[in-house]
1. Which condition does residue 239 not pass, out of (1) in contact with a Leu (Cβ under 8 Å, 6 or more places away or on another chain); (2) among the β-branched types (Val, Ile, Thr); (3) within 16 Å of residue 265 (Cβ to Cβ); (4) surrounded by fewer than 24 Cβ atoms within 10 Å (Cβ to Cβ), if it passes all the others?
2. Within the stretch 99-133, which residues are farther than 20 Å from residue 296 by Cβ and in a loop (DSSP other than H, G, I, E, B)?
3. Checking the conditions here, which among 278, 255 is in contact with a Pro (Cβ under 9 Å, 6 or more places away or on another chain) and at positive phi?
4. Where residues in the stretch 146-184 are of a type in the set (Val, Ile, Thr) and either modelled with pLDDT under 95 or out of contact with any His (no Cβ under 8 Å at 6 or more places or on another chain) (or both), which of them is surrounded by the fewest Cβ atoms within 10 Å (Cβ to Cβ)?
5. Starting from residues that are among the hydrophobic types (A, V, I, L, M, F, W, C) and over 18 Å from the mean Cα position of the chain (by Cα), keep the ones in the stretch 39-59 and report whichever is surrounded by the fewest Cβ atoms within 10 Å (Cβ to Cβ).
6. Can you work out which of the residues in the stretch 136-155 that are of a type in the set (Val, Ile, Thr) and part of a helix (DSSP H, G or I) is nearest to the chain's Cα centre (by Cα)?
7. Can you work out which of the residues in the stretch 200-237 that are over 16 Å from residue 166 (Cβ atoms) and touching a residue at least 60 places away in the same chain (Cβ under 8 Å) is nearest to the chain's Cα centre (by Cα)?
8. Determine which member of the set 96, 58 is touching a Pro at 6+ places or on another chain (Cβ under 9 Å) and among the basic types (Lys, Arg).
Amino acid sequence: MLPAYISHPDCSKHEMGALHPECPDRIAAIRDHLLIKGLLEFMQPHDAPLATEEQLGRAHAIHHVHEVAALIPESGYAQVDPDTWMNPHSYRAALRSAGAAVLATDLVVRGEAPVAFCNVRPPGHHAEHDAAGGFCFFNNVAVGIRHALDVHGLERVALVDFDVHHGNGSEDILCGDARVLMCSTFETNLYPFCGDEPRGPNMVNIGLAARSGSDAFREAVDWGWIPALDAFRPQMIFISAGFDAHREDDMGNLGLVEADYEWVTRRIMEVANRHAGGRVVSCLEGGYVLSPLARSVAAHVKVLIGAD
């Protein structure tokens, strides 16, 4: 029973202009580096399916799904917000990204894979219940989490998010849902300029100052996340795996390195092994400079699949 690697060629057809940082090359850079490192040899590949309207509707208002679909341009680009655009392939790519989280959930809950990594784009954690934005159209992890809860009947699911930007969309969808615990670290005074005040009792939001570095990040995880996760005893863990807090990525200034992503993944896996039978689904979020992105994902996946 091998860990699952889920992706799809449609995810590389979505693009938002030649100079946009959330570019198709992110998928290939990650895949190629995992291949070079020999990690894909220990994973079972799966094509991401298209998420259905019913699956999306567990996390989003149906009118939001219809509004995104209505924006599809016949050619060129359609603007969603100042940073987010659609081309003719974007909607299908967004359905694949959310569908990957659903398939990953199915595989892990059914015991067909111990863990899963979704190398997909567009990312999702800025997509709110009824709004797209921040490069995101549908909230992939939230769709997966609600699938685990509402379809598979799990009672407690955790989401951990270590992207440099706060997952405001995930918080918007999941705040107040007692079945979910969301733990997040992010850089303060950075898009989306929120998160310092949690919106629900099931949110553990820890903002970190610019240039605070590895020690502050690790302390936040050890003293903020881990006690809350152990008290919650999740039956499954989802990861919003953003790598834009890396010191070589100019999207933020936290100054993390590959060793930090390896370390935090190990801490998450320890919690998963204590409470969730090791069941983890990881979905790609940010990370925009290709070399540190690929290296950081490899450090993360290596621990995720137990190849460390």
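1. All conditions pass for residue 239, except number (4).
2. Correct list: 110, 111, 112, 113, 114, 127, 129, 130, 132.
3. Values: 255 fails: in contact with a Pro (Cβ under 9 Å, 6 or more places away or on another chain).
Of 278, 255, the one residue that is in contact with a Pro (Cβ under 9 Å, 6 or more places away or on another chain) and at positive phi is 278.
4. Of the residues in the stretch 146-184, the ones of a type in the set (Val, Ile, Thr) are 151, 157, 160, 164, 173, 180.
Keeping just the survivors that are either modelled with pLDDT under 95 or out of contact with any His (no Cβ under 8 Å at 6 or more places or on another chain) (or both) gives 151, 157, 160, 164, 180.
Details: 151: 15, 157: 29, 160: 28, 164: 25, 180: 25.
Filtering the stretch 146-184 for residues that are of a type in the set (Val, Ile, Thr) and either modelled with pLDDT under 95 or out of contact with any His (no Cβ under 8 Å at 6 or more places or on another chain) (or both), the one surrounded by the fewest Cβ atoms within 10 Å (Cβ to Cβ) comes out as 151.
5. The first filter runs over the stretch 39-59 and keeps only residues among the hydrophobic types (A, V, I, L, M, F, W, C), leaving 39-40, 42-43, 48, 50-51, 56, 59.
With the extra rule that they be over 18 Å from the mean Cα position of the chain (by Cα), the set shrinks to 39-40, 42-43.
Details: 39: 20, 40: 17, 42: 15, 43: 21.
Of everything passing the filter in the stretch 39-59, 42 is surrounded by the fewest Cβ atoms within 10 Å (Cβ to Cβ).
6. At the first step, the residues of the stretch 136-155 found to be of a type in the set (Val, Ile, Thr) are 141, 143, 145, 151.
From what is left, the residues that are part of a helix (DSSP H, G or I) are 141, 143, 145.
Working: 141: 6, 143: 11, 145: 11 Å.
The qualifying residue nearest to the chain's Cα centre (by Cα) is 141.
7. Restricting to residues being over 16 Å from residue 166 (Cβ atoms) and touching a residue at least 60 places away in the same chain (Cβ under 8 Å), the top hit is 237.
8. Working: 58 fails: touching a Pro at 6+ places or on another chain (Cβ under 9 Å).
After ruling out the rest, the residue left standing is 96.
The values are calculated or read from the model by the stated rules, or taken from the named source; none is laboratory data. Since we're looking at a predicted model, the values are computed, not measured. Here Cβ is always computed from backbone atoms with ideal geometry, including for glycine, and neighbour counts include all displayed protein chains.
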